[in-house]
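Contents: one structure, followed by commentary.
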Amino acid sequence: MRSAVAVGLVFAGCCSNVIFLELLVRKHPGCGNIVTFAQFLFIAVEGFLFETDLGRKRPAIPIRYYAVMVTMFFTVSVVNNYALNLNIAMPLHMIFRSGSLIANMILGIIILKKRYSIFKYTSIALVSVGIFICTLMSAKQVTSQSSLSENDGFQAFAWWLLGIGALTFALLMSARMGIFQETVYKQFGKHSKEALFYNHALPLPGFIFLASDIYEHAVQFNKSELYQVPVVGVTMPIMWFYLLMNVITQYVCIRGVFILTTECASLTVTLVVTLRKFVSLIFSILYFQNPFTLWHWLGTLFVFIGTLMYTEVWNNLGATRSQPGKEDKKN
């Protein structure tokens with residue numbers, strides 16, 4: 001029952017979160033920092049109240065390890081935000097971030113000296129081809145939809161290239177953070193709720209360097225059209241409503257994933273998260289009518305088939321189904 005509720009929370013929270021994020025980004029493309037700050041602040045306050053017992057509970061993992069994690073986590077979040085302001089469409093942003101498997105494999109080979117089967121290399125090749133197709137098609141759209149003059153077209157393409165570079169950097173940094181977390185968890189054990197709190201609380205002072213940008217967008221949000229919230233009947237600027245809903249749905253999504261990790265096997269969690277990304281992508285394309293060609297769909301298909309191949313979903317599901325039969329024979 002709890003696992004079914006968790007799946008519902010993941011899909012409802014994460015898909016709704018994507019919609020509210022795109023509503024924010026479409027009206028104010030550079031508002032990523034105020035969105036991230038609001039999300040971090042909300043999760044940090046909730047964790048301070050319920051996880052650390054108002055700061056009285058000592059962390060199981062030493063703070064110095066969290067400091068390293070937080071530096072990487074904060075950098076990834078900020079860079080991903082800026083990418084949305086560099087001619088990167090939301091669907092491409094979502095597809096590109098699905099390439100985390102590629103980054104994990106590359107850094108796993110370089111840092112951890114891991115070796116993988118041909119099947120996994122093939123799955124990663126599929127993901128790479130899918131991302132390449134989507135990126136190439138998006139590049140053509142940027143140049144064709146740019147302004148009339150060649151100069152403006154080149155400038156738009158240059159910003160787009162910078163956005164792709166930012167996404168690539170964030171992808172590799174995120175993979176490096178994952179490897180660091182893996183080594184820390186092996187040493188001290190998994191403490192996901194504690195990690196969730198410290199990864200969102202410790203970076204808060206870093207937002208001081210982004211204070212002017214956050215303040216500027218807060219002023220812009222105040223000037224947005226008024227909106228009467230259904231049921232409650234409260235009237236507020238619509239951009240603040242979008243931000244509030246984005247923060248709430250983000251929290252619902254994170255809590256759903258946390259419950260899922262405690263109730264289900266890692267394979268199930270990976271499958272649910274992968275399917276959630278696919279559903280979120282479809283939501284973004286259909287709801288906002290984002291330009292998405294047949295080539296984009298082909299690239300997306302390659303990305304998700306490659307992801308499912310990497311997690312060996314079919315083999316593991318087959319093994320799971322065969323287990324009850326084996327138990328019956330024993331009985």
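Only residues that are part of a helix (DSSP H, G or I) and in contact with a Ser or Thr (Cβ under 6 Å, 6 or more places away or on another chain) were counted across segment 236-252, and they come to 3.
Only residues that are outside any strand (DSSP E or B) and either open to solvent by 50 Å² or more (accessible area, probe 1.4 Å) or of a type in the set (Asp, Glu) (or both): list them for segment 212-228, please. Show your work before the answer.
If we filter segment 212-228 for residues that are outside any strand (DSSP E or B), which is where we start, we get 212-225.
Correct list: 212, 213, 215, 216, 220, 222, 223, 225.
For segment 29-61, the set of residues classified as surrounded by 13 or more Cβ atoms within 10 Å (Cβ to Cβ) and free of Cβ contacts under 8 Å to residues at least 40 places away in the same chain consists of 45 only. Kindly evaluate residue 23 against the criterion of being aliphatic (A, V, I, L, M), out of contact with any Pro (no Cβ under 8 Å at 6 or more places or on another chain) and free of Cβ contacts under 8 Å to residues at least 12 places away in the same chain. For residue 23, the condition - aliphatic (A, V, I, L, M), out of contact with any Pro (no Cβ under 8 Å at 6 or more places or on another chain) and free of Cβ contacts under 8 Å to residues at least 12 places away in the same chain - is not met.
Can you confirm whether segment 192-199 contains a residue that is under 20 Å from the mean Cα position of the chain (by Cα), of a type outside the set (D, E, K, R) and outside any helix (DSSP H, G or I)? Walk me through it before giving the result.
Going through segment 192-199, the residues under 20 Å from the mean Cα position of the chain (by Cα) turn out to be 192-199.
Retained after the next criterion (residues that are of a type outside the set (D, E, K, R)): 192, 195-199.
Among the residues that remain, those that are also outside any helix (DSSP H, G or I) are: none.
Looking for residues that are under 20 Å from the mean Cα position of the chain (by Cα), of a type outside the set (D, E, K, R) and outside any helix (DSSP H, G or I), one finds none in segment 192-199, hence no.
Please determine, by comparing only the residues of segment 113-134 that are among the polar types (S, T, N, Q) and either at pLDDT below 85 or closer than 8 Å to residue 303 by Cα (or both), which one is surrounded by the fewest Cβ atoms within 10 Å (Cβ to Cβ). Write out each step before concluding.
Narrowing segment 113-134 to residues among the polar types (S, T, N, Q): 117, 122-123, 128.
Within this subset, residues satisfying the condition of being either at pLDDT below 85 or closer than 8 Å to residue 303 by Cα (or both) are 117, 123, 128.
Details: 117: 9, 123: 23, 128: 17.
In this case the residue turns out to be 117.
Restricted to segment 85-100, and to residues there that are more than 13 Å from the chain's Cα centre (by Cα) and surrounded by 20 or more Cβ atoms within 10 Å (Cβ to Cβ), the residue that is farthest from residue 19 (Cα to Cα) is 87. Within segment 181-201, the residues that satisfy the criterion of being in contact (Cβ under 8 Å) with a residue 60 or more places away in the chain and hydroxyl-bearing (Ser, Thr, Tyr) are 192, 198.
Let's see how each residue does on (1) at pLDDT 90 or above; (2) out of contact with any Lys or Arg (no Cβ under 8 Å at 6 or more places or on another chain); (3) exposed (fewer than 14 other Cβ atoms within 10 Å of the Cβ):
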residue	(1), (2), (3)
138	no, yes, no
145	no, yes, yes
148	no, yes, yes
164	no, yes, no
179	no, yes, no
196	no, yes, no
202	yes, yes, no
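For residue 45, indicate whether it is of a type in the set (A, V, I, L, M, F, W, C) and within 29 Å of residue 156 (Cα to Cα). Considered against the rule, which asks whether it is of a type in the set (A, V, I, L, M, F, W, C) and within 29 Å of residue 156 (Cα to Cα), residue 45 comes out as no.
List the helices (runs of 4 or more DSSP H) inside segment 255-331, counting only whole elements, that have at least 2 residues being at pLDDT below 65 and buried (at least 17 other Cβ atoms within 10 Å of the Cβ).
Values: elements: 266-288, 294-310, 313-330.
Those helices (runs of 4 or more DSSP H) span 266-288.
Restricting attention to segment 1-28, the residues being open to solvent by less than 60 Å² (accessible area, probe 1.4 Å) and within 24 Å of residue 220 (Cβ to Cβ) number 11.
Got at least one residue in segment 68-77 being under 28 Å from residue 17 (Cβ atoms), in contact with a Pro (Cβ under 6 Å, 6 or more places away or on another chain) and open to solvent by less than 20 Å² (accessible area, probe 1.4 Å)? Steps first, answer last, please.
Residues of segment 68-77 that are under 28 Å from residue 17 (Cβ atoms), as a first pass: 68-77.
Going one step further and asking which of them are in contact with a Pro (Cβ under 6 Å, 6 or more places away or on another chain), we end up with 70, 74.
Right, trim to open to solvent by less than 20 Å² (accessible area, probe 1.4 Å) and you get 70.
Within segment 68-77 (the criterion being under 28 Å from residue 17 (Cβ atoms), in contact with a Pro (Cβ under 6 Å, 6 or more places away or on another chain) and open to solvent by less than 20 Å² (accessible area, probe 1.4 Å)), the answer is yes, since at least one residue qualifies.
The values are calculated or read from the model by the stated rules, or taken from the named source; none is laboratory data. Bear in mind that the values here come from a model prediction, so they are computed numbers and not experimental data. For neighbour counting, all protein chains shown are included, and Cβ atoms are generated from backbone atoms with ideal geometry for every residue, glycine included. Surface areas here come from the heavy atoms of the whole protein model, side chains and all, with no ligands, DNA or RNA. Shrake-Rupley method; radii C 1.70, N 1.55, O 1.52, S 1.80 Å.
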